[in-house]
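Taken together, the values in this text are just the output of simple stated rules run on the coordinates, not laboratory data. Because the structure is a prediction, the values reported are computed rather than measured. Cβ atoms come from the backbone with ideal geometry, glycine included; neighbour counts cover every protein chain shown.
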Amino acid sequence: MTDPRRTPPRHARDQRGVALPSPVVLLSIVAVAMAAVAYLFTQGSPETEREVAIVSRDQTPSASPSPTEAPTPSKEPSAEPEPEKKTPPPVKRGEVFVTVFNNSGITGLAGQVGGSVTEAGWQVSGTDNWYGSVPATTVYFPPQLERAARQLALDVGVDRVQPAVDGMGGDRLTLILTAPLG
């Protein structure tokens, strides 16, 4: 007969194994380690963000000193006169066609805003519903009407101005509404 204290029963577990952590724990440890390495490598790096000014095609960008830099006075006066900055002529609202589309659930919004656009001096060529997905109220423009698009956006209070996409008229602005204008 065998001594029950010496031989473990058959259903007893062997406690000499190794318990592995779950994959989620392993992935978390790897993610934390990668973040620490990225932090160490980017610490002390120069800033990569900078302010970018939007310059129209008609203008040339001008360099301006940053607030921390003091402008250095030039010792010699420039022999060449500074070129005059040509301001582009104002946009002639009455000569630009605008199509207004409603992409919201508000019935008659395109017609209502189309009336406001007409009152601002633009030529509304039509109003209708837009079927598709637009993230926010947007003025779309063909390349030759970019300045006009920016002016229309200012006139009606729209923050988003984008180049036209396929299916939009190449000779007019397209205003797509996703909500009432504020």
| said: Below 15 angstrom from the Cβ of Trp122, what's the summed charge of the other residues (Lys, Arg +1; Asp, Glu -1)? | reply: +1
| request: Can you tell me the FRET efficiency between Thr118 and Ala179 if r is taken as the Cβ-Cβ distance and R0 is 25 Å, rounded to the nearest 0.05? | output: 0.80
| said: Using a 10 Å cut-off around each Cβ, can you sort Thr178, Thr107 from fewest to most neighbouring Cβ atoms? | reply: Thr107, Thr178
| message | Test of understanding: what is the full-extension gain from Tyr131 to Ala33, defined as 0.36 nm times their sequence separation minus their Cα-Cα distance? | response | 30.6 nm
| field | Extreme residue, positive dipole direction of segment 93-177, given options Thr137, Gly114, Val96 (C-beta unit charges) | value | Thr137
